[in-house]
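Novice: Sending over a structure as structure tokens; questions will come in a sec.
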Amino acid sequence: MLSHQQRTLAGQFRVLSSLLASRGIPGLVVVMPVLGERFARYSHRELHRVVVETAEAESLGALDLLDCFSAYDFRDLRVDVVHPSPLGHRITAHAARDALCARGWLCGARPAVASCRDYRPSDFARVQGY
């Protein structure tokens, strides 16, 4: 049985999916991890799963960035608990591009580049937030 929040989310995704489909535009929901805790004990995994499953059930693509982000120390990915660092932005862009290409929405063929899990934090400027 779906909770009230899940039914509400499904309704909102249904509206988004309908609006995009009526214009011939595919949609991708990207789930961004909260950057305030170690990923090994990340407390929002179930929420990520529900959002991804709900998006897909409403004919939207879904990308959970937790897998890509888990390859790094969370402190290297953030300026603060909400805002990604340059490395976090690069990983997000790379993963989104890969998801779009895998669905045939962006690329004719998948580019031969490193995985979103293969960047070196030392290659990116360290930005500190509050």
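The values are calculated or read from the model by the stated rules, or taken from the named source; none is laboratory data. Only a predicted model underlies this, so the values are computations on that prediction, with no experimental measurement involved. Every residue, glycine as well, gets a Cβ built from its backbone with ideal geometry; the counts of neighbours run over all protein chains shown.
Novice: Across the stretch 21-41, what is the total count of residues that are over 27 Å from ARG75 (Cβ atoms) and touching a residue at least 12 places away in the same chain (Cβ under 8 Å)? Don't jump to the end; show me each part of the working.
Specialist: First, pick out the residues of the stretch 21-41 that are over 27 Å from ARG75 (Cβ atoms): 21-28.
Still in the running and touching a residue at least 12 places away in the same chain (Cβ under 8 Å): 21, 26-28.
Adding up the residues that qualify gives 4.
Novice: Additional query: Does ARG78 qualify as being surrounded by fewer than 17 Cβ atoms within 10 Å (Cβ to Cβ) and either in contact with a helix residue (DSSP H, G or I) (Cβ under 8 Å, 6 or more places away or on another chain) or modelled with pLDDT of 95 or more (or both)?
Specialist: Against the criterion (surrounded by fewer than 17 Cβ atoms within 10 Å (Cβ to Cβ) and either in contact with a helix residue (DSSP H, G or I) (Cβ under 8 Å, 6 or more places away or on another chain) or modelled with pLDDT of 95 or more (or both)), ARG78 does not qualify.
Novice: When both residues are 6+ apart or on different chains and their Cβ atoms are under 7 Å apart, which pairs have a first residue that lies in the stretch 107-129 and is at pLDDT below 75, and a second that is part of a loop (DSSP other than H, G, I, E, B) and charged (D, E, K, R)?
Specialist: Close Cβ pairs (under 7 Å, with a partner that is part of a loop (DSSP other than H, G, I, E, B) and charged (D, E, K, R)) amount to GLY129/ASP80.
Novice: Still on this structure, please answer the following. Write out, first by first residue and then by second, each pair whose Cβ atoms fall under 7 Å of each other, whose residues are 6+ apart or on separate chains, and whose first residue, in the stretch 51-66, is under 22 Å from ARG78 (Cα atoms) while the second is of a type in the set (Ser, Thr, Tyr) and outside any helix (DSSP H, G or I).
Specialist: Cβ pairs passing all conditions: LEU66/TYR42.
Novice: Let me ask something additional. Out of the stretch 19-57, which residues are part of a helix (DSSP H, G or I) and exposed (fewer than 12 other Cβ atoms within 10 Å of the Cβ)?
Specialist: At the first step, the residues of the stretch 19-57 found to be part of a helix (DSSP H, G or I) are 19-22, 39-41, 45-57.
Listed by number, the residues that qualify are LEU19, SER22, ALA40, ARG41, GLU46.
Novice: Regarding LEU87, is this residue touching a Phe, Trp or Tyr at 6+ places or on another chain (Cβ under 8 Å), without any contact (Cβ under 8 Å) to a residue 40 or more places away in the chain and either more than 19 Å from ALA125 (Cα to Cα) or buried (at least 16 other Cβ atoms within 10 Å of the Cβ) (or both)?
Specialist: Here the answer is yes, as LEU87 does meet what is asked.
Novice: Could you check ARG90 against (1) under 14 Å from the mean Cα position of the chain (by Cα); (2) assigned to a loop (DSSP other than H, G, I, E, B); (3) of a type outside the set (Gly, Ala, Ser); (4) farther than 30 Å from ALA10 by Cβ and say which number it fails?
Specialist: Against the list (1) under 14 Å from the mean Cα position of the chain (by Cα); (2) assigned to a loop (DSSP other than H, G, I, E, B); (3) of a type outside the set (Gly, Ala, Ser); (4) farther than 30 Å from ALA10 by Cβ, ARG90 comes up short only on (2).
Novice: Picking from LEU87, LEU9, LEU63, LEU28, which residue would you name as being under 20 Å from ARG117 (Cα atoms) and at pLDDT 95 or above?
Specialist: LEU63
Novice: Scan (1) out of contact with any Asp or Glu (no Cβ under 7 Å at 6 or more places or on another chain); (2) not in a loop (DSSP other than H, G, I, E, B) for the single condition ALA62 breaks and write down its number.
Specialist: (1)
Novice: Output the residues belonging to the stretch 33-74 that are touching a strand residue (DSSP E or B) at 6+ places or on another chain (Cβ under 8 Å), within 14 Å of ALA99 (Cβ to Cβ) and not β-branched (Val, Ile, Thr).
Specialist: ALA55, GLU56, LEU60, GLY61, ALA62, LEU63, ASP64, LEU65, LEU66
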